[in-house]
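Below is one structure, written out as structure tokens, with a few remarks after it.
Quick note: the coordinates plus some simple rules give every number you see, no bench work behind them. Just so it is clear, the model here is predicted, and its values are computed rather than measured. Positions of Cβ are backbone-derived with ideal geometry, glycine not excepted, and every protein chain shown enters the neighbour counts.
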Amino acid sequence: MLAIAQDLEEVIASVHAGRLKAHIPRQAGLFQRRSGSFFHTTSELFIQTGGCTDFECPAENFRSRTVEICVMPSGIP
């Protein structure tokens, strides 16, 4: 639990410092099935607490790195 609190504190500090990077994918291909993935039925917030995650969306691909967030709109595969 302590590690999660520290990760969230880092994200909050980034917000206060004005340096938080937030990814919000463009809305395309909403609610369509896509091979190897599913679509998000509701909006989701991803907080990258370590490493990185590659997101592959219909309109763009991007990498979320440590202390970045992704706001995934509903319907995006």
List every residue pair whose Cβ atoms sit under 6 Å apart, with the two residues 6 or more apart in sequence or on different chains, where the first one lies in region 38-57 and is within 17 Å of Leu8 (Cα to Cα) and the second, anywhere, is in a strand (DSSP E or B) and of a type in the set (A, V, I, L, M). Glu44/Met72; Leu45/Val71; Ile47/Ile69
Taking the condition of being within 19 Å of Pro73 (Cα to Cα) and among the small types (Gly, Ala, Ser), how many residues in region 1-34 meet it? 3
Pairs, please: C-beta under 9 Å, at least 6 apart or cross-chain, first residue closer than 12 Å to Ala59 by Cβ and touching a residue at least 40 places away in the same chain (Cβ under 8 Å) and in region 16-37, second β-branched (Val, Ile, Thr) and assigned to a loop (DSSP other than H, G, I, E, B)? Pro25/Ile76; Gln27/Ile76; Ala28/Ile76; Gly29/Ile76; Leu30/Ile76
